[in-house]
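Notes for the one structure printed next.
The values are calculated or read from the model by the stated rules, or taken from the named source; none is laboratory data. Since we're looking at a predicted model, the values are computed, not measured. A quick note on method: Cβ atoms are made from the backbone with ideal geometry, for glycine too, and the neighbour counts reach across all protein chains shown.
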């Protein structure tokens, strides 16, 4: 039990199939939840929850990043333009990897690479190019210019969330579910004392307890 297949173990322990419909949202920010659409960042081969453009739409809709009407419109566009949809999915996976590297740099107090910063700033420029002011009740609010058939629309709120996190004073509260017992998922620690350690206690927290128990019974030392 020192290093088991994380996806199989957690799937059995949690009693649910790994799919975009059952994924946990524990990041406390859309950008972190997006990074967490890989079941484990610490496994060389781990379940990817984003297997189709439809999965991306489901994820965005479940997180209220798209309205029902927007999701339906984008689904129709994806059906009519499958190559564009496939390209957008690949871009989404690339963005996920980029954000993962940027947030890990924050967590580890390192400087992100110049290439990553340039790539992120291109995403930021594109995102802000689709921002608009809309009427909202008696006032005004931010919205998205969403009627141009841009299949990248689900990614715009993710980039906005990432921008806000990186600029926030409390970005030091971005944490990683730790190795060797964790999954590498990222989360914003909103606990009062900043002591949250795991993605969830019922997943990696319990796995850590089980492994410690196994090591004690088998006489194996704790990893350092």
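When restricted to residues that are assigned to a loop (DSSP other than H, G, I, E, B) and under 20 Å from residue 166 (Cα atoms), region 23-35 contains 5. Residues that are surrounded by fewer than 18 Cβ atoms within 10 Å (Cβ to Cβ) and in contact with a helix residue (DSSP H, G or I) (Cβ under 7 Å, 6 or more places away or on another chain) within region 22-35 comprise just one, 25. Looking across region 165-187, the residues that are part of a loop (DSSP other than H, G, I, E, B) and in contact (Cβ under 8 Å) with a residue 40 or more places away in the chain come down to 179, 180, 182, 183, 184, 185. Listed by position, the helices (runs of 4 or more DSSP H) contained in region 36-151 that have at least 2 residues being surrounded by fewer than 15 Cβ atoms within 10 Å (Cβ to Cβ) and at pLDDT 95 or above are 68-80, 82-107, 114-128.
Evaluated against (1) within 21 Å of the chain's Cα centre (by Cα); (2) in contact (Cβ under 8 Å) with a residue 60 or more places away in the chain; (3) surrounded by fewer than 22 Cβ atoms within 10 Å (Cβ to Cβ), residue 162 falls short on exactly one condition, (3). Please find, within region 184-204, the residue that is surrounded by the most Cβ atoms within 10 Å (Cβ to Cβ) out of those that are under 21 Å from residue 110 (Cβ atoms) and touching a helix residue (DSSP H, G or I) at 6+ places or on another chain (Cβ under 7 Å). The qualifying residue surrounded by the most Cβ atoms within 10 Å (Cβ to Cβ) is 186.
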